[in-house]
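Data first, discussion second: the structure below is written as structure tokens.
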Amino acid sequence: MMPDPPPRPDLGWPVAPSPGEVSSEAIERGTRRGMRGGPPVGWSFWSGLGIFLLGNVLIGQILVAGAILLAIGVDQVSTTGGAGMPELAATLGADIATVGTIVVWLSARHPGWVQALRLPEHGKRLKEIAIAVGLGPLVYAGIAFLVVPIIAIILESIAGQGASTPEQINAEGLSSAGRILTVLVAVVAAPIAEELVFRGILFRSVRDRRGFWWGAIVSSLLFGLVHFVPAPWQDTVLLQATMVFTGLALAAIYEWRGNLLSCIVTHMSFNMVGVILILVVKEGA
């Protein structure tokens, strides 16, 4: 009997990977190292994109969010461009459905997904959380004071009129329950769902095969694309371009810190700054 061949060095595995952790296609194509020397992810970009469309669009937005809006009353949906109470409830339902669908898929098809996405060790989690909480406002300031003004100037020169980011939340007339729901959606549900999808699933699927920049650019372009808000085209493009750069920053944080928890907490902290500005500063002005 011929002995088993040694593991390929370009995979970065100390031992051969167990079934389900890395696909045969990834092995044949010479999958690169996983995050911080851990296992590379076993799903492809297209399978990740497909499960996102299934979980978010079909199950989350069409079935779950649609049912919530019908139960609340479609005639109550805001048409002012920002999300009001009905949209917030529908978004929360869609985010939960998205995360649930992806977790079920990962658990069934990719048993090593938790290890591949990387969580900091128990003794280091508080440190990573503290660093990420501080990174959120820094990223927000960089986007708000550097990225947005530059893109706004470019769009103004093209459109012949000023551009401003459209409001994603309609804070006018929100009740106390609405404010709590806003925080729950923007600061908890959305960061978890979006980081799992765009950094955990899509970024990693490209990054582990093609390198950081390919993964960061592809996932960030999609991250910007989904942040569509009905508004004058230059305002919509400004928001989407802003989200592309935000996605690049979050991908860089994932690469730097080596774990998905840092991305999630940074995103939470980032969104908290925006929520405070919307619910406290702007409304009080």
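Which whole-number percent gives the relative contact order of the range 74-201, counting Cα pairs below 8 Å spaced six or more residues apart? Here the relative contact order equals 49 percent. When a/c reaches 1.5 or more, the comparison of a/b and b/c decides; with that in mind, is the range 109-165 rounded, prolate or oblate per its Cα gyration tensor? Oblate shape, in that a/c is at least 1.5 and b/c is the bigger or equal ratio.
Kindly identify the range 146-285 as rounded, prolate or oblate by the Cα gyration tensor criterion: order the square roots of the eigenvalues as a ≥ b ≥ c, call it rounded if a/c is under 1.5, otherwise compare a/b with b/c, prolate if a/b is larger, else oblate. Could you put the intermediate results ahead of the total?
Numbers: a/c = 2.30, a/b = 1.22, b/c = 1.89.
Oblate.
Computed on the range 221-266, with alpha-carbon pairs under 8 angstrom and 6+ residues apart, the relative contact order is 32 percent.
For residue 180, the accessible surface of its heavy atoms amounts to roughly 120 Å² (probe 1.4 Å, protein chains only, rounded to the nearest 10).
The H on the amide N of residue 169, modeled in the peptide plane, is under 5 Å from the matching H of 83, each at least 5 residues off or on a different chain.
The values are calculated or read from the model by the stated rules, or taken from the named source; none is laboratory data. Since the structure is predicted, the reported quantities are computational estimates derived from the model, not experimental observations. Accessible surface areas use protein heavy atoms only, side chains included; no ligands, DNA or RNA. Shrake-Rupley method; radii C 1.70, N 1.55, O 1.52, S 1.80 Å.
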